[in-house]
1. Filter region 1-58 for residues that are within 16 Å of THR148 (Cβ to Cβ), among the polar types (S, T, N, Q) and surrounded by fewer than 17 Cβ atoms within 10 Å (Cβ to Cβ) and give the result.
2. Looking at this structure, is ALA79 farther than 30 Å from TRP132 by Cα and at pLDDT below 95?
3. Test of understanding: among THR69, THR86, which residue is of a type in the set (Val, Ile, Thr) and more than 22 Å from ALA125 (Cα to Cα)?
4. I need a count of the residues in region 104-144 that are under 25 Å from ALA53 (Cα atoms), within 24 Å of the chain's Cα centre (by Cα) and in a helix (DSSP H, G or I).
5. Take the residues of region 59-91 that are aromatic (Phe, Trp, Tyr) and over 16 Å from PHE24 (Cβ atoms): which is surrounded by the fewest Cβ atoms within 10 Å (Cβ to Cβ)?
6. In region 92-108, is there at least one residue being surrounded by 16 or more Cβ atoms within 10 Å (Cβ to Cβ), closer than 16 Å to GLY20 by Cα and touching a Ser or Thr at 6+ places or on another chain (Cβ under 6 Å)?
7. Part of a helix (DSSP H, G or I), in contact (Cβ under 8 Å) with a residue 24 or more places away in the chain, closer than 29 Å to PRO129 by Cα and touching a helix residue (DSSP H, G or I) at 6+ places or on another chain (Cβ under 6 Å), is that true of SER28?
8. If ASP39 passes every condition in (1) at pLDDT 95 or above; (2) outside any helix (DSSP H, G or I) but one, which one does it miss?
Amino acid sequence: MSDSYNSDLRRAERRAFLAGSSVFALTSIHHVYGAIRYDTPERYYAAVIAAVAAILSLGALRLSRARPTSAIGQAAWWAFLGVNATVFVLLFGAIEGLYNHALKDTLYFGGAPLAQMRVLFPAPAYEMPNDWFFEVTGVLQVIPAAVTAYYLNRLIRRRPRKAEAPAWAALAASPNNGPNDQQRA
């Protein structure tokens, strides 16, 4: 593989990691603030989950770069992709940012009946919009999550489908080199 290919892949990996880390930072600010503002200490767990995911993501990326052609390196690369996609894109971007905040705020400020809002967003898990900082940081989680998704998509498209086989592998795979070739002829 060319050096430019490897540098492009590494650049996309780095950008995916940085975007995921941005989700971690914003999610942590948002949930710690919400825990204090609404006296709901269970919100601290989201910051802990995001921190663990960021650590796992970094560890997996470093391992995949240290051993890019080994089975463990390949598994680590997919773990990097999976943690970022599951935690930072799906959990904090789509569910937390889009559903819990963007949709809730759109319906609320669009005049949806409070009874209908309570069906979709039941108390005490959800607060109706009453704090601009909490709502803005909640909605903003969508942006770095979308950037993370963009770079993860680029990684999937750029990642080699197979590890390069050594030169001797073509000889071993040849149909004329088996022990039973004489019997088949």
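The values are calculated or read from the model by the stated rules, or taken from the named source; none is laboratory data. Here the structure is a predicted model, which means the values were calculated and not measured. Cβ placement follows ideal geometry from the backbone for every residue including glycine, while neighbour counts extend to all protein chains displayed.
1. none
2. no
3. THR69
4. Residues flagged as under 25 Å from ALA53 (Cα atoms), within 24 Å of the chain's Cα centre (by Cα) and in a helix (DSSP H, G or I) within region 104-144 amount to 10.
5. Once the filter is applied, the top-ranked residue is TRP78.
6. For region 92-108, residues surrounded by 16 or more Cβ atoms within 10 Å (Cβ to Cβ), closer than 16 Å to GLY20 by Cα and touching a Ser or Thr at 6+ places or on another chain (Cβ under 6 Å): present.
7. Taking the combined requirement at face value, the residue does not satisfy it.
8. Failed condition: (1).
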